[in-house]
Amino acid sequence: MKWILTTALILSSTTQYSAQVIDQTKQPATNKQPAQPVKTPASPQQPNSRPVFILPKAPAPLSPVSGRRAGMGSRDNCPAVSTPLTALVPFQEEQKVGKQTNNSIIGTVEGLTTLERPTFWFYIPYTKNLSNSSAEFSLQDSAGNDVYRNAIALPSKPSIIGIYLPSTASLKVDKTYRWYLKVRCNQETASIPIYVEGDIKRINLDERVTQQLEAANEPRKKIIIYAEKGIWFDALNMLAQRRISNSNDAYIEKDWQSLLQSVNLDNIATM
């Protein structure tokens, strides 16, 4: 499976530096297969384990405000899509109503990071050829003050994109932030945009986890540790970068699918 990476600076209406966006687009897979790992009993430290996100024990919501991992159906003159605007983050349903899926209801949308400037990942089904369309990413502190706000260029085709924070924006340890991605398919209307929102908190790792990461002799083992310890953004960012750098590696692609499927993003995992 081959992926093409396009990195672009995003135009901003403010004086801040632009965020950098990674655009991943699926291409036909090649027949070349990576070497198979030696079969050994599965454990977090062995090659045949897959990254699986484990929610931290008895997690308290980072904020009392509900989040939204997937945008609602067509509104604001946006075309109907088979897969909605989706944030690549864990989701906890607030309450079950019949057979509703987490694509259509609100709940707890949040993740942890140790990074000062993590990358935020989204699947965007809307494209830049829509007339008068626009998108905006914003990050706010717990008081509602903007840490960063910028226009985002829609991709040329439905894609998974990564949004980097510029040097002018950073997360502080033990602070919770709210992020938003809003898409308007027609700026001439006054209706509500399609949007996703959630929380992120930067933490310091305890000594035991730090020692495990230092002992891990390859990036893949670090990804597995981050995922098992519930540090979502670090696991996803490291794996996404490996995927970009090794676009023909079917084994990495399986890791990507495993991590996304572990948070019920099966519809995004194979894109």
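Carbon and sulfur: what percent of the range 219-271's accessible surface (1.4 Å probe)? Of all accessible area on the range 219-271, carbon and sulfur atoms account for 44 percent. At a probe radius of 1.4 angstrom, the accessible area of the range 112-244 per residue rounds to 41 square angstrom.
Which percent of the accessible area of the range 103-179 is formed by carbon and sulfur heavy atoms (probe 1.4 angstrom)?
Of all accessible area on the range 103-179, carbon and sulfur atoms account for 45 percent.
Distance distribution note for the range 125-184: the fraction of Cα pairs above 13 angstrom is 65%.
The values are calculated or read from the model by the stated rules, or taken from the named source; none is laboratory data. All values derive from a computational prediction rather than experimental measurement. With ligands, DNA and RNA removed, areas are computed over all heavy atoms of the protein, side chains included. Shrake-Rupley method; radii C 1.70, N 1.55, O 1.52, S 1.80 Å.
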